[in-house]
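The values are calculated or read from the model by the stated rules, or taken from the named source; none is laboratory data. Source: prediction; values computed, not measured. Here Cβ is always computed from backbone atoms with ideal geometry, including for glycine, and neighbour counts include all displayed protein chains. For accessibility, only protein heavy atoms count, side chains too; no ligands or nucleic acids. Shrake-Rupley method; radii C 1.70, N 1.55, O 1.52, S 1.80 Å.
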Amino acid sequence: MRATLYQLISGSAFNGTSVYFLKQDTLREFIPANAGHALYFANAAFDLAVIEKAAGVGPYGLIESGNVLDLLLLGKLAQIGEQGSAEGSFSLESLVRRYLNVDLPKDLKDDQGDDIRLSFGKFLLPDGSVNYPAMPSCYLGYAALDSIATYLLSKPLMAKARWISCQSGVDPRLLLSHLIQLKAAYALSIVSRNGLTLDPRAKLEAKEMIEGEIGKSLAALHGFGWSPGKGSATALQNILLQIESEHGIWLPRTDSGKLSSQGKVLQEYPEIPFFAQYMKYQNNRKLREFLNFDKEIVHARFNPIVSTGRTSSHDPNVQNFPRSSKIRSIITARPGYVLLDVDYSQIELCTLAQITFRRFGESKMMELLNADVDLHSYFAASLTRRAMSEIDKDGEDRRKAKACNFGFPGGLGVQSFIQYAKSTYEVTLSPEEAEALRNQWLDTFPEIRAYLEHDEMGLLINSGLLHRHLERFGGGVSAESLAWSFRGIVSGSTCTRTTGRTYTSQEVDWAFAVLRAAEFPNKSAFRLQIAGKRGSRDLWQNFMKVANRVTLPSGRVRANATYCQSKNNPFQGLAADGAKEALYELMRAGFRVVNFIHDEFLIEVPVRSDLRRVEALVKNILVTAMKRHCPDVQIKVDAKWMTHWSKKGDLLLNRQGELRKLDGSRLDVCPTIFA
């Protein structure tokens with residue numbers, strides 16, 4: 001991401017009948033004059049920032065009007081809602097090809113052989129004006145084509161989003177949560193431009209630590225049978241195939257048919273030890289490259305929406321810094337500023353409590369949170385039959401409770417939970433201990449037992465996948481009976497489980513006709529089975545991902561969810577929606593956010609500010625934004641002041657609003673990384 005914005009050379013707009021060529025001066029009149037109309041952009045966050053710079057038109061009013069549509073964002077939301085994944089290319093060219101079946105010419109050259117797309121800048125004069133008379137018609141035609149394609153793409157894309165919404169039972173006016181994602185995209189573009197300031201001396205110390213962490217990861221990966229170098233690609237594919245089989249998951253395939261090992265795929269399964277170590281190794285390699293940068297400010301790039309509803313970052317990944325203080329301390333404030341780190345407290349437990357309260361009308365977890373009870377200490381006290389005041393905040397009992405509180409809501413089974421507790425919290429458990437923990441945890445929070453129930457037949461019936469085929473059997477067969485027959489046939493059975501009746505040829509033909517008409521993950525791998533009308537458990541599990549949809553109050557939909565995804569995504573996604581709106585509101589209020597890590601915000605604040613007022617205002621923005629999505633549960637925010645980024649902070653704010661170092665000494669008025 002560039003630290004500065006591109007200067008506008010020219011723009012174009014299409015209203016369905018005419019193309020308008022926009023110069024620097026006409027843009028200042030055009031945008032306000034058309035602010036009441038729908039404005040379609042391929043990349044709204046970028047375009048709105050350029051428009052603000054060129055024409056002085058603030059983006060916040062346009063965004064909040066609901067008239068701005070970002071087609072790349074909507075295309076990604078539609079794919080997640082229909083396929084369950086954000087994999088693939090999301091550009092104007094790819095979406096036009098997908099929805100309009102048209103290839104946009106992107107390699108056009110002018111008379112001098114220059115690439116038109118990249119050569120508008122040659123008409124920019126030294127004084128900042130543009131030599132429009134010298135601009136050939138081929139440039140105007142290129143700009144016109146983009147605006148026409150954007151306009152035409154908006155129609156089928158919005159229709160697709162509304163269709164997915166209606167099929168999934170969410171409000172189609174929300175366009176799959178488009179407005180929330182648009183706000184996030186714009187706010188994150190500012191975070192990127194703000195950049196992170198690095199302390200050069202801390203970088204040198206961090207590089208030594210990273211080399212050590214890479215060595216540990218390589219040793220662990222060697223134990224799984226993988227090492228970098230010759231033969232590593234084949235070994236990785238074999239390990240991924242084995243994991244697919246052992247854990248009952250399906251990993252996306254690349255165009256060449258190989259299993260994807262991309263971080264955004266593997267991060268969906270943090271409980272699998274090989275994935276956790278492999279991602280740690282790859283992230284530390286990238287972090288090592290990051291530490292080799294010779295720049296004092298880095299500008300990471302952010303992706304506002306991934307399949308889970310969260311955000312991601314890259315070049316470098318500033319959302320996945322190790323929690324080690326030595327690593328995080330390379331991030332510091334600019335001279336004259338301090339860092340304010342604010343994050344939501346137990347937010348995914350809050351959103352889980354909100355969801356269970358909405359579904360069942362009661363929630364023990366919600367009662368405790370609203371009574372200001374720390375859930376980790378509460379469950380640890382329950383396990384040990386001690387008072388909460390006796391629980392060590394950093395002790396094994398509380399870490400065991402944290403593993404339960406964060407592991408079981410996502411639907412982890414016993415074996416997966418054992419691996420998760422060991423890799424994340426350094427807690428070693430036997431299968432018997434893990435099972436006992438799970439039962440005691442569910443007894444403590446009985447609403448979660450109902451939340452974790454998985455009604456496959458209900459999902460299948462409510463999905464509508466079988467409705468169009470009911471007429472084959474007249475009115476004498478119930479949807480429930482038909483669903484059970486379909487499951488038996490597709491799973492490979494030849495007769496019903498209850499009566500032993502053999503399925504008729506008509507029923508078998510119908511079941512496989514449903515399969516042929518449906519789109520589901522890895523369908524091509526079952527092509528011969530479907531053609532030969534041979535069912536299997538694997539075929540059934542892959543098909544059911546279509547029916548297993550996750551929906552959120554914001555309107556977002558995720559299709560093809562696994563069991564764990566269907567349990568984890570509702571509360572994780574609800575927290576993500578609230579945090580994104582909080583980020584946007586912070587930007588709107590003028591705060592300089594320099595990093596965003598899911599539910600954590602890193603803000604640069606002038607050291608001479610009224611710091612107590614700043615902290616109170618920031619906390620209020622975060623709480624207010626999250627309460628829109630989680631209205632029945634108490635939301636708490638923690639704040640820490642620091643000169644260098646750390647987990648606990650290295651400064652204290654006293655009652656007089658003065659920052660003190662932890663030893664009680666005064667902070668220099670203008671801290672600097674060179675002091």
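Brief remarks follow.
- Just one of the numbered conditions (1) open to solvent by 60 Å² or more (accessible area, probe 1.4 Å); (2) of a type in the set (S, T, N, Q); (3) in contact (Cβ under 8 Å) with a residue 40 or more places away in the chain is not true of S256: (3).
- Checked against the criterion of being within 23 Å of I448 (Cα to Cα), hydrophobic (A, V, I, L, M, F, W, C), at pLDDT below 90 and out of contact with any strand residue (DSSP E or B) (no Cβ under 6 Å at 6 or more places or on another chain), the candidates A525, A575, A517, A547 yield just one match: A547.
- Checking each residue in region 84-109 for being open to solvent by 30 Å² or more (accessible area, probe 1.4 Å), assigned to a helix (DSSP H, G or I), touching a helix residue (DSSP H, G or I) at 6+ places or on another chain (Cβ under 9 Å) and of a type outside the set (A, V, I, L, M) picks out E93, R98, Y99.
- The set of residues from region 489-517 being open to solvent by less than 10 Å² (accessible area, probe 1.4 Å) and small (G, A, S) comprises just one member, A511.
- If you filter region 384-403 down to residues that are among the charged types (D, E, K, R) and in a helix (DSSP H, G or I), you find that the one that is farthest from S566 (Cα to Cα) is E390.
- From A276, A371, A333, residue being under 30 Å from L617 (Cβ atoms), open to solvent by 20 Å² or more (accessible area, probe 1.4 Å) and of a type in the set (G, A, S): A371
- Only residues that are open to solvent by 60 Å² or more (accessible area, probe 1.4 Å) and either charged (D, E, K, R) or not in a helix (DSSP H, G or I) (or both) were counted in region 201-215, giving 5.
- Any hit, region 164-174, residues being among the small types (G, A, S), within 31 Å of the chain's Cα centre (by Cα), in a loop (DSSP other than H, G, I, E, B) and at pLDDT below 90: yes
- Search result, residues across region 161-173 that are surrounded by fewer than 20 Cβ atoms within 10 Å (Cβ to Cβ) and either touching a helix residue (DSSP H, G or I) at 6+ places or on another chain (Cβ under 7 Å) or under 22 Å from T311 (Cβ atoms) (or both): R162, C166, D171, P172
- Condition broken by L266, with the remaining ones in (1) within 22 Å of the chain's Cα centre (by Cα); (2) open to solvent by 10 Å² or more (accessible area, probe 1.4 Å) satisfied: (2)
- Hits in region 247-302 (condition: at pLDDT below 80, assigned to a loop (DSSP other than H, G, I, E, B) and within 27 Å of V594 (Cβ to Cβ)): Q267, P270, N292, F293, D294, K295
- For S192, the conditions (1) over 21 Å from Y40 (Cα atoms); (2) open to solvent by 10 Å² or more (accessible area, probe 1.4 Å); (3) small (G, A, S); (4) at pLDDT 95 or above are fulfilled apart from (2).
- Search result, residues across region 559-592 that are touching an Asp or Glu at 6+ places or on another chain (Cβ under 7 Å), open to solvent by 10 Å² or more (accessible area, probe 1.4 Å) and not in a helix (DSSP H, G or I): R592
- Which numbered condition A187 misses (of (1) within 19 Å of the chain's Cα centre (by Cα); (2) within 30 Å of L259 (Cβ to Cβ); (3) open to solvent by less than 50 Å² (accessible area, probe 1.4 Å)): (2)
- So F406, is it closer than 19 Å to Q572 by Cα, open to solvent by less than 60 Å² (accessible area, probe 1.4 Å), part of a helix (DSSP H, G or I) and of a type in the set (F, W, Y): no
- Scanning region 303-339 for residues that are closer than 11 Å to I597 by Cβ, touching a strand residue (DSSP E or B) at 6+ places or on another chain (Cβ under 6 Å) and among the hydrophobic types (A, V, I, L, M, F, W, C) yields a single hit, V318.
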